[in-house]
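Visitor: What follows is a single structure, and I will ask about it in a moment.
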């Protein structure tokens, strides 16, 4: 059961009844301008062409893994599959960043993600390793993606948002 109630179905920024992700329901507590910006930023993360689907989803899965956000991980395991991410990479994304399932590029990404999630600032070594594989625009996009999903993990975990049964897919 959630610790913070979902907004009243009659709230002005609540959509008409229907199936939507519980995280989307919870963020309807945001004031309208904040909600619009949040939704636009989220859509931009999932639809940009700066990062390929595999890199983006591995970064999100790693963000979900580090603090133990089961809801976020559950949703993005399904989304990653829909986007064609290899099952071995999805399974390995919660373990060693240098697992054989990952390319050197993906390992550098996951190490970088771990550091910015846990330490805020990536080490010179992990940034330099990632710079061998990604452009500056891609690296900044990774940082923005990680920031968005760190915020979501905190909302999800503090609110105790439940995984939808039956599932609602992104």
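Values in this text are rule-based calculations from the coordinates and carry no lab data. Only a predicted model underlies this, so the values are computations on that prediction, with no experimental measurement involved. All Cβ positions, glycine included, derive from the backbone under ideal geometry; neighbour counts span all protein chains shown.
Visitor: Could you work out how far the C-alpha centroid of the range 20-58 sits from that of the range 96-136, in angstrom?
Guide: 23 Å
Visitor: Using the beta-carbon distance between residue 91 and residue 168 and R0 = 25 Å, what value does 1/(1 + (r/R0)^6) give for FRET efficiency, to the nearest 0.05?
Guide: Values: r = 23 Å, r/R0 = 0.91.
Here the calculated transfer efficiency is 0.65.
Visitor: For n ≥ 4 DSSP H runs only, could you compute -39500 (n - 2.57) per run for the chain, divide by its residues and tell me the 222 nm figure to the nearest 500? Working shown, then result.
Guide: Numbers: 8 runs with 101 residues, N = 170.
One gets -18500 deg cm²/dmol as the mean residue ellipticity at 222 nm.
Visitor: Let me ask another. With label points built 7 Å along Cα→Cβ from the Cα atoms of residue 3 and residue 160, find their separation and express it in nm.
Guide: 0.8 nm
Visitor: Another question, then. Sort 111-121, 141-151 by the packing proxy (mean of other Cβ within 10 Å over each peptide's residues), most packed first. It would help to have the intermediate numbers written out before the result.
Guide: Values: 111-121: 16.8, 141-151: 19.0.
Peptide ranking by packing, descending: 141-151, 111-121.
Visitor: In what order do 76, 133, 98 fall by count of nearby beta-carbon atoms within 10 Å, going from fewest to most?
Guide: Working: 76 26, 133 17, 98 14.
Sorted ascending by nearby Cβ count, the order is 98, 133, 76.
Visitor: Quick one: if the Förster radius is 25 Å, what FRET efficiency do residue 74 and residue 34 give, using the C-beta to C-beta distance and rounding to 0.05? Please report the intermediate quantities before stating the final value.
Guide: Details: r = 26 Å, r/R0 = 1.02.
Efficiency computed from Cβ-Cβ geometry: 0.45.
Visitor: Looking at the chain as a GNM with Cα springs under 10 Å, which of 160, 49, 96 has the largest mean-square fluctuation?
Guide: Evaluated over the chain, the most mobile residue of the options is 49.
Visitor: Enter the angle in degrees (range 0 to 90, nearest 10) between the Cα long axis of helix 53-65 and the first principal axis of the Cα atoms of the chain, meaning the one along which they spread out most.
Guide: Once rounded, the angle reads 70 degrees.
Visitor: Which of 138, 39, 75 moves most in a GNM of the chain, Cα contacts under 10 Å?
Guide: 39
Visitor: If you don't mind, another one. I'd like to know how the chain sits against the 2.2 N^0.38 Å rule of thumb: what's its Cα Rg over that expected value? Walk me through the intermediate numbers first.
Guide: Details: Rg = 16.4 Å, N = 170, 2.2 N^0.38 = 15.5 Å.
Computed over Cα atoms of the chain, the ratio equals 1.06.
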